[in-house]
Amino acid sequence: MRHFGLFLLYTIFIVFSLSLTPSKSETCEKGDSRSQRYLLYDVNPGEGFNLRRDVYVRIANLARRLSEADNWVLVLPPWGRLYHWKNARHGEYYPWGSFFDIKSLSKWTPVIEFEDYIKAEGPKIQEAYMLQHYVEGWNGEWVVKYDIRPCLEQHSFRQNSDGSWQGTAWGTNIRVGNFSCLSIQGEASTLIPLITQKDEIRSILVTRAETVLHDEYGGKRYWAARRSMRFAEHLRLEAAKFRAEFLHSDDVSDKTEVTDDWRDFKPKRGTAIGGPYLSVHLRRRDFIYARGNEIPSLKKAAKQLKALLEAKELQDVYIATDAPLEEFAELKDLMEPYKVHQFDPSPEFFDRWGDGGVAIVDQIICAHARYFTGSYESTFSFRIQEEREIMGFPVETTFNRLCGKKAECEQPAKWKIVY
Ligand code: GFB
């Protein structure tokens with residue numbers, strides 16, 4: 001009798017749970033590859049590496065919002081021949097895994113490489129929008145809005161006779177169902193209604209994505225997306241090798257160890273000490289013309305660096321710079337008797353990871369120094385400051401910059417980490 005009761009209860013439970021389970025046709029939406037939706041984006045070709053990293057944070061936070069509601073994945077735009085990457089081979093593209101840890105990015109929002117998108121979907125995108133500002137400006141009143149408008153700039157898409165479009169995206173010929181120019185005033189999330197308006201649209205490309213602002217610059221979500229941007233392991237190892245060999249620096253003695261998962265890593269400020277060296281990011285080339293008053297001459301740079309080395313009781317300085325070789329040699333002479341270090345990549349390293357790889361190794365080494373000073377308004381310097389914030393350095397060792405013509409100058413804003 002007791003067994004029969006149990007059996008009856010079990011049968012009722014099974015029938016009841018089956019009645020709650022939706023039919024197959026109702027369940028195919030989430031997780032089904034057919035229902036996958038793709039957000040692709042690109043940035044103005046003239047923008048440099050580190051502004052592009054900033055645009056990633058804006059768009060990753062948009063993608064995160066989309067993926068919270070539906071099966072969206074962000075497609076990572078390969079790195080082509082950037083304006084500053086003089087040695088990049090024409091037509092060569094680096095996938096994101098060359099520079100960043102893809103698994104780590106995915107812990108904030110799902111991402112895939114463009115080559116994987118092409119494998120999954122073929123060379124086609126349903127809708128593409130080229131973002132632009134309003135031709136009339138914002139007339140003194142900031143209203144969040146967007147409108148389809150005539151294109152203000154040239155683009156690479158051409159209309160086919162059947163109404164679809166043809167263009168090139170990262171070296172691949174792409175067919176686009178519909179292409180429009182979109183004047184927009186707003187943040188990345190302003191695009192959400194446009195992106196989600198039609199259920200049948202499963203792939204959308206947004207070009208000139210730098211046109212939209214951050215949703216919360218410096219806020220929790222900004223920092224989460226930024227913390228997820230860990231560098232690729234091969235670059236971290238290269239930088240670690242250099243630090244150990246030339247700068248007596250390693251994560252244990254510098255107190256810069258991090259956890260495997262960035263989501264668990266929230267060090268107390270002041271935990272990180274850094275290696276026994278001073279680091280500087282000295283921006284030259286176009287900055288000398290564009291920001292002449294704020295970028296020091298080599299003599300003035302050496303004078304400021306020597307004063308810092310003396311004050312911090314350090315003997316070694318690591319110099320990250322885009323300066324031509326002859327300028328670097330001059331600076332090295334001016335720095336006597338201090339020891340000057342620079343990362344000099346092996347031909348194999350350079351061949352494989354190019355200017356982008358070298359730039360990141362420079363950034364990692366700068367980020368691990370006892371004290372860092374950068375260049376006025378350089379996004380390259382800003383990204384180093386963020387890296388140091390993530391590791392928990394004291395604020396005063398991070399938000400510094402060299403002065404230009406004037407002996408004293410305004411120091412960078414302190415964008416402190418929030419969790
Ligand atoms: O990274 P980035 O956007 O910073 O551009 P800014 C500078 C590029 O120059 C880097 C190289 O991506 C590198 O390729 N570069 C600069 C360096 N400093 C270093 C360095 O210390 N080490 C190495 N290895 N490479 C913006 C530009 O530059 O400045 C904009 O992105 C515009 O296009 C603006 O030109 C005026 O913010 O410094």
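Here are the numbers for this structure:
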read-out: Answer residue from the range 225-280, given it is of a type outside the set (Lys, Arg) and on the phi > 0 side of the Ramachandran plot and is surrounded by the most Cβ atoms within 10 Å (Cβ to Cβ) among those; value: Gly274
read-out: Residue pairs meeting the criteria (Cβ under 8 Å; at least 6 apart or on separate chains; first at positive phi, in the range 369-394; second of a type in the set (Asp, Glu) and within 12 Å of the ligand (Cβ to nearest atom)); value: Glu377/Glu294
read-out: Conditions (1) closer than 24 Å to Glu113 by Cβ; (2) part of a loop (DSSP other than H, G, I, E, B); number of the one not met by Leu237; value: (2)
read-out: Filter result (within 11 Å of the ligand (Cβ to nearest atom) and at pLDDT 95 or above) within the range 345-355; value: Pro345
read-out: Filtered residue count, the range 65-82, keeping only those that are away from the ligand (no atom under 15 Å from the Cβ) and either of a type outside the set (D, E, K, R) or closer than 17 Å to Arg230 by Cα (or both); value: 11
read-out: Residue among Ala244, Ala239, Ala272 that is in the same structural domain as Gly357 (by TED's automatic domain parsing) and farther than 17 Å from Phe343 by Cβ; value: Ala272
read-out: Check on Ile201, in a loop (DSSP other than H, G, I, E, B) and in contact (Cβ under 8 Å) with a residue 40 or more places away in the chain; value: yes
read-out: Segments classed as strands (runs of 3 or more DSSP E), wholly inside the range 84-168, with at least 3 members that are in the same structural domain as Gly46 (by TED's automatic domain parsing) and loosely packed, with under 14 Cβ neighbours inside 10 Å; value: 145-149
read-out: Test set (1) assigned by TED's automatic domain parsing to the domain that holds Asn293; (2) closer than 26 Å to Arg291 by Cα; (3) within 16 Å of the ligand (Cβ to nearest atom) - Gly404 fails condition number; value: (1)
read-out: Residue under evaluation Ser378, criteria (1) more than 17 Å from the chain's Cα centre (by Cα); (2) modelled with pLDDT of 95 or more; (3) surrounded by fewer than 24 Cβ atoms within 10 Å (Cβ to Cβ); (4) not aliphatic (A, V, I, L, M), criterion not met; value: (1)
read-out: The one condition in (1) away from the ligand (no atom under 16 Å from the Cβ); (2) within 21 Å of Gly354 (Cα to Cα); (3) not in a loop (DSSP other than H, G, I, E, B) that Leu62 fails to fulfil; value: (2)
read-out: Residues (over 21 Å from Ile288 (Cβ atoms), more than 16 Å from the ligand (Cβ to nearest atom) and not small (Gly, Ala, Ser)) located in the range 311-340; value: Lys312, Glu313, Leu314, Gln315, Asp316, Glu336, Pro337, Tyr338, Lys339
read-out: Matching option when the condition is touching a strand residue (DSSP E or B) at 6+ places or on another chain (Cβ under 7 Å), within 16 Å of the ligand (Cβ to nearest atom), of a type in the set (Lys, Arg) and farther than 16 Å from Val340 by Cα, among Arg291, Arg284; value: Arg284
read-out: Tabulated pairs, the range 39-64, first β-branched (Val, Ile, Thr), second assigned to a helix (DSSP H, G or I) and within 13 Å of the ligand (Cβ to nearest atom), C-beta under 7 angstrom, 6+ apart or interchain; value: Val43/Arg52; Val43/Val55; Val43/Glu210; Val55/Glu210
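Residues checked against (1) within 16 Å of the ligand (Cβ to nearest atom); (2) under 14 Å from the mean Cα position of the chain (by Cα):
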position: His84; (1), (2): yes, no
position: Phe99; (1), (2): yes, yes
position: Ser106; (1), (2): no, yes
position: Pro110; (1), (2): no, no
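The values are calculated or read from the model by the stated rules, or taken from the named source; none is laboratory data. The structure displayed is predicted, hence computed values, not measured ones. FYI the Cβ positions are ideal-geometry reconstructions off the backbone, even for glycines, and counts take in every protein chain you see.
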